[in-house]
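Visitor: Before I ask anything, here is the structure I am working with.
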Amino acid sequence: MRYEEPLCLTLNINSMKKYIAELIGTFVLTFLGCGAAVSLSCGTDAASVVGTAIAFGLAVVAMAYTIGGISGCHINPAITLGCLVTGRISVKDCFGYMCGQVIGAIIAGVALFYLYPGSGLGANGIGVGCNGCWCVALAAEIILTALFVLVVLGSTHKTNGATNNFAGLAIGLSLILIHLVGIYFTGTSVNPARSIGPAIFAGGDALTNLWIFIVGPFVGALVAACLWKIVEPCEK
């Protein structure tokens, strides 16, 4: 007689795999993206901005094709929130995803702190484009996150058919564009976890202004979800 695992145990194991995948993916995104920002001295010249933007985009592409089949590769609490509002994920998984994402980013923050002592660790802040005004930084994060999450929701929708195979590429390329605009204003977050990890260890203004990079992306995700619900095509 063959022993079969209880269905609830199988579901729990599968859920844990998804959460761990999100942890790993967010670690990779935060470590490689912020690491590139520090290594390239992002913001000192145009080349450093382009290089940092490409690093974040390529990290997303790499993870999309690594863990996309496991968890969907959100690696961003704002995306997870957008998926929750549009009915693509349960509340339980939403909580598990976000926990995994934040833990992964914090681990990346530890690694960055060890490898780049005395640096800003690629933490977000109120950039030159904001003229010292947090309102501008918040608005930039809301708009950029809304655009980014909208791309994610649209490119991964079931009605896209075969084009779903290229969703990871579309999302990664859009993140590059988002960074090319956003670095001037905030260093570009559009991802609360990516901001939390480095800010904890950078301290100072990075920690003081962290709320902007949590509130902004979450509001942007809600805006994107509402927009998507308006234009969402009927399933064929």
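Nothing in this text is a laboratory measurement; each read-out follows from the coordinates by a stated rule. Computed from a predicted model, the values in this text were never measured in an experiment. Note: ideal-geometry Cβ built from the backbone for every residue, glycine included; neighbour counts use all protein chains shown.
Visitor: Which whole-number value in Å³ per residue fits the convex hull of the alpha carbons of the stretch 100-176? Intermediate results must be reported in sequence, preceding the final value.
Guide: Values: hull volume 10.2 nm³, N = 77.
That works out to 132 Å³ per residue.
Visitor: A further question on this structure: Regarding the stretch 126-236, what are the three Cα extents along the principal axes, ordered largest first, in Å?
Guide: 51, 24, 22
Visitor: Now, a different point. Starting from the 7 Å offset along Cα-to-Cβ, what nm value, one decimal, do you get for the label separation of Lys92 and Leu227?
Guide: Between Lys92 and Leu227, the simple spin-label model gives 3.3 nm.
Visitor: Averaging sequence separations of C-alpha pairs under 8 Å and six or more residues apart, then dividing by the length of the chain, give the relative contact order as a whole percent.
Guide: Working: 397 pairs, mean separation 66.7, N = 236.
Taking the mean separation of contacting Cα pairs over the length of the chain, I get 28 percent.
Visitor: Take the Cα atoms of the chain, build their convex hull, and give its volume per residue in Å³.
Guide: Measuring per residue, one finds 130 Å³ for the Cα hull of the chain.
Visitor: Could you work out how far apart the two model spin labels at Val136 and Asn164 are, taking each label as a point 7 Å from the Cα in the direction of the beta carbon, and quote it in nm?
Guide: 4.3
Visitor: What is the Cα coordinate range of the stretch 37-95 on the first, second and third principal axes, sorted by size from largest, in whole angstrom?
Guide: If we take the Cα atoms of the stretch 37-95, the spans are 43, 21, 16 Å.
Visitor: Right, something else. Below 8 Å, C-alpha to C-alpha, sequence gap of six or more: please give me the relative contact order for the stretch 119-236 in percent.
Guide: For the stretch 119-236, the relative contact order is 44 percent.
Visitor: Continuing with the same structure: Once you've got the GNM for the chain with C-alpha springs shorter than 10 Å, pick whichever of Cys133, Cys99, Cys226 has the biggest mean-square fluctuation.
Guide: Greatest mean-square fluctuation among the candidates belongs to Cys133.
Visitor: On C-alpha positions alone, give me the angle between the axis of helix 192-202 and the longest principal axis of the chain, in degrees, nearest 10.
Guide: Tilt of helix 192-202: around 50 degrees.
Visitor: On a full-extension model of 0.36 nm per residue, what is the gain between Ala47 and Ile70, subtracting their alpha-carbon distance, rounded to one decimal in nm?
Guide: 4.8 nm
Visitor: Oh, and also: Per-residue ellipticity at 222 nm for the chain, helices alone: DSSP H runs ≥ 4 residues times -39500 (n - 2.57), over residue total, nearest 500 deg cm²/dmol?
Guide: Dividing the helical sum by the residues of the chain leaves -24000 deg cm²/dmol.
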